[in-house]
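The values are calculated or read from the model by the stated rules, or taken from the named source; none is laboratory data. Predicted model only: the values in this text are computed from it and were never measured. Neighbour counts run over all protein chains shown; Cβ positions are idealised from the backbone, glycine included.
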Amino acid sequence: MATFTIDVCGSADCGKSAFILKFITGEFLKDRKCSLASGTRTFLTNGGYITVNCNDGISENADARIVMFDKHKGLQNELCQIDQMLTTNKPKVLCGNKKDKKGCIKEDSFIRNIMNEYSVEYYHISGLSGYNLEKPVLCLLRILTNKPDLYFM
């Protein structure tokens with residue numbers, strides 16, 4: 001069984017803990033105030049079982065990164081901090097969280113520029129509804145396993 005560690009990083013209150021909790025357990029705790037440090041989930045894929053360890057923050061031993069920002073606040077407001085998180089040789093994806101929250105900022109051309117500049121995939125996600133939560137992880141697992149046709153069973 002393959003095991004990979006993925007760091008989930010981003011600015012404060014962008015939804016990292018909500019993402020990890022919803023991804024690992026399927027639960028969403030609306031009144032959660034503290035950070036969830038980590039969680040583990042095992043998937044059956046067409047390539048066998050894969051275990052994913054998700055960590056809140058940046059660690060040296062991680063295999064990949066999910067860089068998250070709050071779609072309500074906007075990427076431009078967080079770009080300086082996110083720039084440091086995207087500057088890595090590790091596989092990474094960019095995620096705009098809280099997509100289903102009213103007042104979501106539309107910045108598609110700006111996001112496309114970031115995708116091109118950092119050679120990174122982008123996903124709209126929601127920790128609240130669970131929208132697209134598995135897509136960034138699947139994208140990273142395809143890169144880490146070198147199996148572009150990998151999928152969850």
Exercise. Could you list all residues from region 76-96 that are modelled with pLDDT of 85 or more, over 22 Å from Leu128 (Cα atoms) and not charged (D, E, K, R)?
Key: Asn89, Pro91
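Pick from region 106-153 the residues that are of a type in the set (Ser, Thr, Tyr), assigned to a helix (DSSP H, G or I) and modelled with pLDDT of 85 or more: which of them is farthest from Arg65 (Cα to Cα)?
Step one: list which residues in region 106-153 are of a type in the set (Ser, Thr, Tyr), which gives 109, 118-119, 122-123, 126, 129, 131, 145, 151.
This time we only want the ones that are assigned to a helix (DSSP H, G or I), so: 109, 118, 145.
Now restrict to residues that are modelled with pLDDT of 85 or more: 118, 145.
Values: Tyr118: 13, Thr145: 15 Å.
Step by step, filter region 106-153, then rank; the result is Thr145.
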Exercise. Please enumerate the residues belonging to region 47-74 that are over 21 Å from Tyr118 (Cα atoms) and assigned to a strand (DSSP E or B).
Key: Gly48, Tyr49, Ile50, Thr51, Val52, Asn53, Cys54, Asn55, Asp56
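Would you mind stating whether Lys73 is modelled with pLDDT under 80, more than 13 Å from the chain's Cα centre (by Cα) and either of a type in the set (S, T, N, Q) or within 20 Å of His124 (Cβ to Cβ) (or both)? Even if it seems obvious, please write down each step before you answer.
Values: modelled with pLDDT under 80: yes; more than 13 Å from the chain's Cα centre (by Cα): yes; either of a type in the set (S, T, N, Q) or within 20 Å of His124 (Cβ to Cβ) (or both): yes.
When the stated conditions are applied, Lys73 passes them.
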